[in-house]
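Chemist: Mind looking over this structure? Questions follow.
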Amino acid sequence: MSSLKWMEQELASLDDASLKRSLRGSSAVPSSPGRLFRGTGPQNMHNRHNLLNLSGNDYLGLAQHPAMIEVMREVLLKEGVGAGASRLVTGNRLAYTELEEGISEWQSCEAALVFANGYMANTGVIRAVVGRDDVVFSDQLNHASIVDGILMSRAEMARYRHNDMEHLGALLHKHRDRKRKLIVTDAVFSMDGDQAPLKELILLKHEYGAMLMVDEAHSGGVYGRCGEGLCHALGVKDEVDIHMGTFSKAFGAYGAYVCGSRTLIDYLVNKARTLIYSTAMPPALLAGIAQALVLVQQEHWRRERLHTGIRAFRSSLQKSGFLLGIGDSPIVPIIIGDNETALRFSAALEDKGIAAVAIRPPTVPEGTARIRFSLSAAHTDKELRYAAVSIREVGLQLGVLG
Ligand SMILES: *Cc1c(COP(=O)(O)O)cnc(C)c1O
C-alpha cells in the first residue's frame, strides 16, 4: 500500500496549487444538443442541473442528429457491437472502404485512412514518418497528441515559439542537413482558437525541403465550403503532405482521418502502429461517421449558424472589456491568469446555469489559466446572449473586468 504514498503527496500538492483535476459526471439532455446534465455530488444523477454547454466540441450540433442515431442503430442490430480484430486481420469491414472513399472525395485527395481517434492518428502517423535521425519542428502550442507522437518517434523535437515564423526559419536553417524534416502544426489551436499561418509554413517547407503535417481537429467541418477545413478554405491543401482531422468534434462522433497521396496512405497501412496493433472500430460507429460526413457537406446552415453565433458572442464579450484570443473560430478563451480565480469563474458560471470549464496548466502555459468557451450551431441566439450577460456579471463580480 505505502508504495503508492508518493501519489497521495503529489495529488495533495496539485490540490494546493488549484491544479487538481477530477472526473465529473454529465449526460446529454435528450434531443437538446448544446445542453447537458451535470451533477454536483457522487450521486449526481439524482441532483443534476440542466446546463448550457459552452465547453463542448460538438461545433455543428451533430452529436444527437436523428439520422446518425438511426443509421447506427440499424448497423448495430445487423452487425453487432465490436469488429473483433484489427483491420489487417479480419476487422476491415466494407464500411471502412466506403468511408475512406467518401473522405477522399470530400477532401479531393488521392486516398484517406481512418484511425480510432485523433490521439492515435497523430501518434501513429508521426511515429511512422520520422525516427531517430530526424527532426520535427513543432509549434509550442500544438496538441499533446502531437507532442507524444514526436516523443514516441525518438526524433529530435525542435519547438518553435507559437506561430513565430522567424523562429521556425532559424531552427530549419540550423537543422538543414538533417535527413528527414517534418513541420507539424494545429490548423486552429485548441486552447487559444487562433490559426496557424499556413501560407508562410508552406513557403518554409519548400525552402528547406521539409514535410508539412496539419491537424484540423478544430477546423474540419467548421471552415471551407463543405467543411473541408482551413487548408481548403485558404486554397493550400495541395501543398500539405499529411492532412489530419477528427470525427470527434464538428462531426459529433468519434474517430479520425488522415488524407494525402496514395503513397502516404499505403505507407501508413504498413507502418502506423496505432492502426496495425489496435482493434478496428465498431461497425456502427463507422456508419455513424459516414452519415455525419454527408451532413457536414450538405447542411450548410449549420456552419452559417455557427459562424453567426461566433461573431455575436465574440463581439459582446469584447464590448464588455474582455481580452479575447484573435480569430474567428468557435474557441473563445478569456485569459484569467490565476488558477484559483479561473476555478471560481467557472463555478460562478455554473451557478448561472452555464458549463464552462477552467483550463489550467499544464494544458496551457503557467500564468494563463483561462475559461475556454466553445460554441456550437446548436446554441440559440437567446442562449448566447444570456451567456454573454452572465459572463460579464461574473467578470465584474470577481474583479476580472475593471
Ligand atoms: C481533440 C484533438 C485531438 C485528439 O482527437 P481525439 O479524436 O479527441 O482523440 C488531436 N489534435 C487536436 C488539435 C485536438 O484538438
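Chemist: Which members of region 129-152 meet the condition of being in a helix (DSSP H, G or I), open to solvent by 10 Å² or more (accessible area, probe 1.4 Å) and either touching a Lys or Arg at 6+ places or on another chain (Cβ under 7 Å) or within 14 Å of the ligand (Cβ to nearest atom) (or both)?
Modeler: Selection gives A144, V147, D148, M152.
Chemist: Just wondering, is there one or more residues in region 216-234 that are more than 15 Å from the ligand (Cβ to nearest atom) and either outside the structural domain of N122 (by the TED database) or open to solvent by less than 10 Å² (accessible area, probe 1.4 Å) (or both)? Full working, then the answer.
Modeler: Going through region 216-234, the residues more than 15 Å from the ligand (Cβ to nearest atom) turn out to be 224-228, 232-234.
Narrowing the set further to residues that are either outside the structural domain of N122 (by the TED database) or open to solvent by less than 10 Å² (accessible area, probe 1.4 Å) (or both) leaves 227.
Taking every residue of region 216-234 in turn, at least one turns out to be more than 15 Å from the ligand (Cβ to nearest atom) and either outside the structural domain of N122 (by the TED database) or open to solvent by less than 10 Å² (accessible area, probe 1.4 Å) (or both).
Chemist: Name the pairs: first residue in region 106-133 and closer than 17 Å to A253 by Cα, second residue of a type in the set (F, W, Y) and more than 16 Å from the ligand (Cβ to nearest atom), Cβ to Cβ under 7 Å, at least 6 apart or on different chains?
Modeler: V114/Y96
Chemist: Return the pair list, or none, for Cβ contacts closer than 8 Å from residues in region 89-104 that are under 21 Å from L76 (Cα atoms) to residues that are surrounded by fewer than 19 Cβ atoms within 10 Å (Cβ to Cβ) and charged (D, E, K, R), at least 6 apart or on different chains.
Modeler: Hits for this filter: R93/E79.
Chemist: Can you tell which of R159, R178 is open to solvent by 20 Å² or more (accessible area, probe 1.4 Å) and part of a strand (DSSP E or B)? If you could, list the steps in order and put the result at the bottom.
Modeler: Numbers: R178 fails: part of a strand (DSSP E or B).
Just one listed residue meets the conditions, R159.
Chemist: Which members of region 113-122 meet the condition of being among the polar types (S, T, N, Q) and surrounded by fewer than 24 Cβ atoms within 10 Å (Cβ to Cβ)?
Modeler: Here is the first cut: in region 113-122, the ones among the polar types (S, T, N, Q) are 117, 122.
The answer is N117, and nothing else.
Chemist: If you go through region 378-402, how many residues are open to solvent by 10 Å² or more (accessible area, probe 1.4 Å), of a type outside the set (S, T, N, Q) and in a loop (DSSP other than H, G, I, E, B)?
Modeler: So the count comes out to 6.
Chemist: Can you tell which of L54, L94 is open to solvent by less than 20 Å² (accessible area, probe 1.4 Å) and away from the ligand (no atom under 16 Å from the Cβ)?
Modeler: Values: L94 fails: open to solvent by less than 20 Å² (accessible area, probe 1.4 Å).
Criteria check complete, one pass: L54.
Chemist: Now for a separate question. So L76 passes all but one of these: (1) open to solvent by less than 50 Å² (accessible area, probe 1.4 Å); (2) touching a helix residue (DSSP H, G or I) at 6+ places or on another chain (Cβ under 7 Å). Which condition number does it fail?
Modeler: Answer for L76: the failing condition is (1).
Table: residues versus (1) in a helix (DSSP H, G or I); (2) modelled with pLDDT under 95.
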| residue | (1), (2) |
| --- | --- |
| K20 | no, yes |
| G41 | no, yes |
| M72 | yes, no |
| G82 | no, no |
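Chemist: Being within 16 Å of the ligand (Cβ to nearest atom) and within 24 Å of A292 (Cβ to Cβ) narrows it down to one of A67, A111, A116, so name that one.
Modeler: Numbers: A67 fails: within 16 Å of the ligand (Cβ to nearest atom); A111 fails: within 16 Å of the ligand (Cβ to nearest atom).
The conditions single out A116.
Chemist: Further, regarding this structure: Conditions: (1) within 24 Å of S190 (Cα to Cα); (2) part of a helix (DSSP H, G or I). S329 meets all but one. Number of the miss?
Modeler: (2)
The values are calculated or read from the model by the stated rules, or taken from the named source; none is laboratory data. What you see is a predicted model, and the numbers here were worked out from it, not measured in a lab. Positions of Cβ are backbone-derived with ideal geometry, glycine not excepted, and every protein chain shown enters the neighbour counts. For the accessible areas, the whole protein counts, side chains as well, though only heavy atoms, and no ligand, DNA or RNA atoms are used. Shrake-Rupley method; radii C 1.70, N 1.55, O 1.52, S 1.80 Å.
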